[in-house]
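The values are calculated or read from the model by the stated rules, or taken from the named source; none is laboratory data. Keep in mind that what you see is a predicted model, and the values were worked out from it rather than measured. Reconstructed Cβ throughout: ideal geometry from the backbone, glycine too, with neighbour counts over all protein chains shown.
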There are 2 protein chains.
Amino acid sequence: MSGTNRQIRLARRPVGELQPEDWAHVTEPAEAPGEGRFAGRTRYISLDPAMRGWLDDRPSYLPPVGLGEVMRAGSVIEVTESDHPGFRPGDHVVGTFGVQEYVISDGRGTLKVDPARAPLSTYLGALGMPGMTAYFGLLDVGALKEGETVVVSGAAGAVGSLVGQIAKIKGCRVIGIAGGPDKCAVLTDELGFDAAIDYRAEDVRKALRTHAPDGIDVYFDNVGGEILEAALGRLAMRARVVICGAISQYNNETAVHGPANYLSLLVRRARMEGFVVFDYSARYGEAAREIAGWIAEGRIKVLEHVVKGGVDDFPATLGMLFRGENTGKLVLDLT
Amino acid sequence: MSGTNRQIRLARRPVGELQPEDWAHVTEPAEAPGEGRFAGRTRYISLDPAMRGWLDDRPSYLPPVGLGEVMRAGSVIEVTESDHPGFRPGDHVVGTFGVQEYVISDGRGTLKVDPARAPLSTYLGALGMPGMTAYFGLLDVGALKEGETVVVSGAAGAVGSLVGQIAKIKGCRVIGIAGGPDKCAVLTDELGFDAAIDYRAEDVRKALRTHAPDGIDVYFDNVGGEILEAALGRLAMRARVVICGAISQYNNETAVHGPANYLSLLVRRARMEGFVVFDYSARYGEAAREIAGWIAEGRIKVLEHVVKGGVDDFPATLGMLFRGENTGKLVLDLT
């Protein structure tokens, strides 16, 4: 093996919105994998809202990315060279390999995937973390029941688009909240949502009154802020609020906007619960099989927003995510 | 039956802190009960934080008290005259009879109580709504387990003092948050709490770090505001936050202060759940029997703050509650 490895490393801790100067673009030599390891070339890199939180020097469910470290990211790689009995050149592997062109791994925490069964990018989306997040967040944390009314924010995103479609499969009424008429049209026209609310153009509180006249049974929150408050104001009795993320708050320089009407949890005997998908890793197989079945049956449409480029395009592509410019799962395609 | 009935009625909707002008003091004739009803004289009136919420013209778990209506309150009365087969003169009855000296009832939603088994005021406290609230909030909503760390705010109040003592009985480590050194001394010296934090004198965040080094498993919140935030910042994995009330916020003229760090629910895989004790009415008997047993065994000390007076003292006594001037259950004693 010879050649180079282009990498994106964290140069400084961002304050508020991400800036180009937060990143270092570095070229390193690409070393041989060594015994018990394999090397590979990155094919697809996942871009996720959670990445913003990993950049802050603050205790969370994962340690922060260290200054000077390769940016953490999930990706699909193709094995080019292996001294590991479980991996052969040509194998495709998913793992948290970071934003770099070339990867060396001992195989721990990785998963071989089959490009014949699904497009490789799908293993970063519907069959990857966003799929697992939607599945366990909605069905396990949200304890969804047939016939309930489900509202999901960030509904045109990687997780939200799956949450809504799974809720429809489970016989629920589904209302999606997204930004802009194009995204809203995708939700109702392509993904089968019962209604979509454009939070940029509509009064979300009023729209929820219209579309969820009997209240919300499960609110799956990806955004936080005022949309969370609007949903809390419209809960049905014994509602479940699933806290998956809060993308509206991640770039805040001031304090996060907490839900001033959280006492609606008391009035409506409701609960608000957070989760981290990694806790469900023992059950990923179960979820992936079921989601793959739904995709095969045409009951789930995979929404992906693929940006062709190299690792150097990672910072700009990540910015798209926080400006809400993606519809569906955002991936960087290095092929 | 003849005589008069002194009553406290809601004269206007309060804005912010309660004012004397919010109330009308009225004298009505005391009428005969009529067929199927009984009449009685009020002995003890309960004063509860929830009362503030009942005064706002806003949908909640109970309809607001109407303008001109007798103020809603739980009380213990003694039957003076009865045309109801189930009640005889001399019987003591608990019910939501309102802030008035004289009561007529058809018996629905009431409970006969025995002054030989417990002092009458106890039926408004440890054996009444506060007892039920502490019991079901902690054990059912909080799903308390032996050996866990429990933090309760408003710990020297009617509900909080019972929450802490029940948690001790269940083998937990208990930290109470209260205002002032006297209340804190009561918690640790008389009620057996493991630690008490005086929120007026101490940095609650720091104190929680000291007293709950491994995090909080169950946080029982009676106060809201900054203390709720401090507790959210110190949750153990899979913690339960029980939302019972938010007395710090009830008199707010501005928006309620929502917990800016609610995303700790995500990081700690925790849940925050509200409840209303009335939902447990079918199980009140079970709870009252168990609490009565603990009182008899000396494992629960009943803390009461009894104000002697008449219904005209109701407004001033209610003010004590929101200024935190009571230790234990606040009752107005008309005997």
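I need the full set of residues from the range A:166-219 which are within 22 Å of the chain's Cα centre (by Cα), part of a helix (DSSP H, G or I) and aliphatic (A, V, I, L, M), in order please.
Those that are within 22 Å of the chain's Cα centre (by Cα), part of a helix (DSSP H, G or I) and aliphatic (A, V, I, L, M): A:166, A:167, A:169, A:185, A:186, A:187.
Name the single residue, out of those in the range A:234-256 being more than 7 Å from chain B (Cβ to nearest Cβ), assigned to a loop (DSSP other than H, G, I, E, B) and surrounded by 18 or more Cβ atoms within 10 Å (Cβ to Cβ), that is farthest from the chain's Cα centre (by Cα).
So the residue we want is A:234.
When both residues are 6+ apart or on different chains and their Cβ atoms are under 8 Å apart, which pairs have a first residue that lies in the range A:167-188 and is surrounded by 24 or more Cβ atoms within 10 Å (Cβ to Cβ), and a second that is of a type in the set (D, E, K, R) and in a helix (DSSP H, G or I)?
A:174/A:168
Would you be able to tell me the number of residues in the range A:203-229 that are within 13 Å of chain B (Cβ to nearest Cβ), at negative phi and surrounded by 24 or more Cβ atoms within 10 Å (Cβ to Cβ)?
The number of residues fulfilling the criteria is 5.
Please work out if residue A:197 is in contact (Cβ under 8 Å) with a residue 40 or more places away in the chain and not small (Gly, Ala, Ser).
no
Given the options A:260, A:282, name the one that is over 20 Å from residue B:228 (Cα atoms) and among the small types (Gly, Ala, Ser).
A:282
So, in the range A:268-296, of the ones that are charged (D, E, K, R) and within 14 Å of chain B (Cβ to nearest Cβ), which residue ends up surrounded by the fewest Cβ atoms within 10 Å (Cβ to Cβ)?
A:279
Would you say residue B:233 is at positive phi and touching a Lys or Arg at 6+ places or on another chain (Cβ under 9 Å)?
Here the answer is no, as residue B:233 does not meet what is asked.
For residue B:274, all conditions in the list (1) closer than 25 Å to residue B:305 by Cα; (2) modelled with pLDDT of 95 or more; (3) not hydrophobic (A, V, I, L, M, F, W, C) hold save one; what is the number of the exception?
Going through the list (1) closer than 25 Å to residue B:305 by Cα; (2) modelled with pLDDT of 95 or more; (3) not hydrophobic (A, V, I, L, M, F, W, C), residue B:274 breaks only (1).
Would you point out which residue out of B:328, B:319, B:309 is of a type outside the set (Phe, Trp, Tyr), under 18 Å from the mean Cα position of the chain (by Cα), surrounded by fewer than 22 Cβ atoms within 10 Å (Cβ to Cβ) and more than 14 Å from chain A (Cβ to nearest Cβ)?
Matching residue, one of B:328, B:319, B:309: B:319.
I'd like the full set of residues that are surrounded by fewer than 21 Cβ atoms within 10 Å (Cβ to Cβ) and without any contact (Cβ under 8 Å) to a residue 40 or more places away in the chain, limited to the range A:65-90.
Across the range A:65-90, the qualifying residues are A:72, A:78, A:85, A:86, A:88, A:89, A:90.
Sort through B:81, B:101, B:69 and tell me the only one that's more than 24 Å from the chain's Cα centre (by Cα) and either at pLDDT below 95 or not aliphatic (A, V, I, L, M) (or both).
None of the other options fit; the residue is B:81.
Report whether or not residue A:121 is under 15 Å from the mean Cα position of the chain (by Cα), outside any strand (DSSP E or B), at pLDDT 95 or above and not assigned by TED's automatic domain parsing to the domain that holds residue A:222.
yes
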